[in-house]
Each structure stands twice: as C-alpha cells, then as structure tokens.
Amino acid sequence: MGVENKIILVTGASQGIGKACALKLAKHGAKVVIAARSKDKLDAVAADAEGDVLAVSCDASDPASVDALYKAIANRHGRLDVLFNNAGNNHPGTDFGDLEFENWRKVVGLNLDGAFLMANRAYRMMRDQSPKGGRIINNGSISAHAPRPGSAPYTASKHGITGLTKTISLDGRKHDIACCQIDIGNALTEMAARMADGVPQADGEIKKEPLMDVDVVADTILYMAGLDLSANAQTVTIMATKMPFVGRG
C-alpha cells in the first residue's frame, strides 16, 4: 500500500534512528511530523527532508507537551495514520546495587512513561477520527528480549514496551488500530557507535560488536508503516547479522 500521503508522527526524530526514518518516510511521500526536545535539531532535519515535514518541539515525558503536539497535528492535518514511537534514552552501564532511583526514573520516565503518553494520545486520535484507525509502531530493542550487564532501567523499560505493544494491539482491534514493535540491534548511530570500541558481554569480557547501517532500519519502518491495516508485522527484529544475540556467552 505504501506511505504516500499518510500522516506519520516520528518521535525522537532529531537524530539517529528517528531522523533516518523521518527522512526516508518523507522521501516516499508521507506527510511527516517530527518531534523531539531540541527545536534547532528538528529544524535542521526538516531542512534536509524531501517533502512535507512539520517540526514540533515536544518533551515526550510531559503530558501537557504531548497534548500540544497532538493539537498541532490535528490543526495541520486533521488526522494521524501512523506513529513511530521512538523517543528514548539510556544510562551508562551500572551494577544494579549501585543504581540510583533518580537515574532509574530518568530512563523509565521517557522510555516507558513517554511511550505510553505518545501511544495513548495517538490511539485516541485514531479511534475518534473518520475514517477511524491507524498504526502504532513502538521501538523496543534487543533488550526487550535479553539484557546487557548493568542495564536494569533500559532493559526493564523495553520489556515494558513489549507488554504495552501487545495490549494496544488487542484493545485496538475494534477500532482498526494496529500496534506492532520493532526490536533493533546495533544500528550505527551516535548512541550505538561505542559498540565498535567494545561493550560488556554476559561473561564479563569487553568485545567489539558489529553494526548495521541505520538506513536498514529506515527501510524496515517504511515497510511496516506502509502495510494495509488488514495486516500487521506484530514483532520485527532487525539486527546486525553477526551480533552476539542468538547465541550463548
């Protein structure tokens, strides 16, 4: 079916995966709304885009800011067809016993609370618009299946995303709202560049890990966003082929 003329919101779109996906979707004819905290970075993304892009500064963890974003979407486009729920952050690897509550909340507050707020408001808009329906794509992670050492806040939040995705998928059936999850492993972005220098493994060793081009992720989101609402790619794992995810160690 494709994404041409679909109204698509991409959060966390000022850099990395979100930026690559927003540019790809706009290039293929989607009307893209990009959101993140930094308006300057968003404006730079919009300037690089080929197509219709609206940049809206938004703190995904703040209900009032999220509501203002959805009001801007309603005023500009009158509806929403797809949300790529991508905004998130992380904390440096920390042994669980040394983890401070403040750092736990910083990660979970954006990765899970923020994902809830974005999906909740998207769901309401998709349920109430005419014609009703739409698609919510939640960004999980390989960490939604298996943790790295010292990653309790991030891993817990991404396991939570899986439960959120399944529940929205079930509740959304009666409103023609499809909800799915993409689990990404080692896409080459600013956040993941450290993988090439070596990261902790389960056995305590520090090893370099392979990376894949972030454009591969953008192509996957293009596919998922373009599906007809009669079909759903419920969970998609896209990862560097040789990363140590499916083995032991």
Cβ-Cβ under 9 Å pairs, at least 6 apart or on other chains, segment 166-177 side surrounded by 13 or more Cβ atoms within 10 Å (Cβ to Cβ), far side hydroxyl-bearing (Ser, Thr, Tyr) and assigned to a helix (DSSP H, G or I): 168/123; 171/123; 172/123; 175/123; 177/123; 177/169
Residue pairs meeting the criteria (Cβ under 7 Å; at least 6 apart or on separate chains; first without any contact (Cβ under 8 Å) to a residue 40 or more places away in the chain, in segment 49-77; second of a type in the set (Asp, Glu) and crowded, with 18+ Cβ neighbours inside 10 Å): 65/59
Test: residue in segment 93-105 that is surrounded by fewer than 16 Cβ atoms within 10 Å (Cβ to Cβ), of a type in the set (S, T, N, Q) and farther than 18 Å from residue 155 by Cβ: no
Identity of the residue in segment 22-48, within 20 Å of residue 108 (Cα to Cα) and in contact (Cβ under 8 Å) with a residue 40 or more places away in the chain, that ends up surrounded by the most Cβ atoms within 10 Å (Cβ to Cβ): 35
Within segment 110-147, tally of residues that are crowded, with 17+ Cβ neighbours inside 10 Å and basic (Lys, Arg): 2
Matching residues, segment 49-62, being touching a helix residue (DSSP H, G or I) at 6+ places or on another chain (Cβ under 6 Å), part of a loop (DSSP other than H, G, I, E, B) and surrounded by 13 or more Cβ atoms within 10 Å (Cβ to Cβ): 49, 51, 58, 59, 60, 61
Residue check, residue 80 among the hydrophobic types (A, V, I, L, M, F, W, C), at pLDDT 95 or above and either over 23 Å from residue 223 (Cβ atoms) or surrounded by fewer than 22 Cβ atoms within 10 Å (Cβ to Cβ) (or both): no
Only one of 45, 32, 3 that is among the β-branched types (Val, Ile, Thr) and assigned to a strand (DSSP E or B): 32
Condition met for residue 24 (under 15 Å from the mean Cα position of the chain (by Cα), among the basic types (Lys, Arg) and farther than 23 Å from residue 114 by Cα): yes
Test: residue in segment 154-165 that is under 18 Å from residue 225 (Cβ atoms), in contact with a strand residue (DSSP E or B) (Cβ under 8 Å, 6 or more places away or on another chain) and surrounded by fewer than 20 Cβ atoms within 10 Å (Cβ to Cβ): no
Hits in segment 63-94 - residues which are in a loop (DSSP other than H, G, I, E, B) and small (Gly, Ala, Ser): 78, 87, 88, 93
Qualifying residue in segment 227-244 (condition: farther than 27 Å from residue 28 by Cα and touching a residue at least 40 places away in the same chain (Cβ under 8 Å)): yes
Filtered residues of segment 45-62 (kept if within 18 Å of the chain's Cα centre (by Cα) and more than 8 Å from residue 34 (Cα to Cα)): 45, 57, 58, 59, 60, 61, 62
Top-ranked residue of segment 1-21 - restricted to ones that are touching a residue at least 60 places away in the same chain (Cβ under 8 Å) and either among the basic types (Lys, Arg) or closer than 17 Å to residue 188 by Cβ (or both), ranked as surrounded by the most Cβ atoms within 10 Å (Cβ to Cβ): 21
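The values are calculated or read from the model by the stated rules, or taken from the named source; none is laboratory data. Because the structure is a prediction, the values reported are computed rather than measured. Using ideal geometry, Cβ is built from the backbone for each residue, glycine included, and neighbour counts are taken over all protein chains shown.
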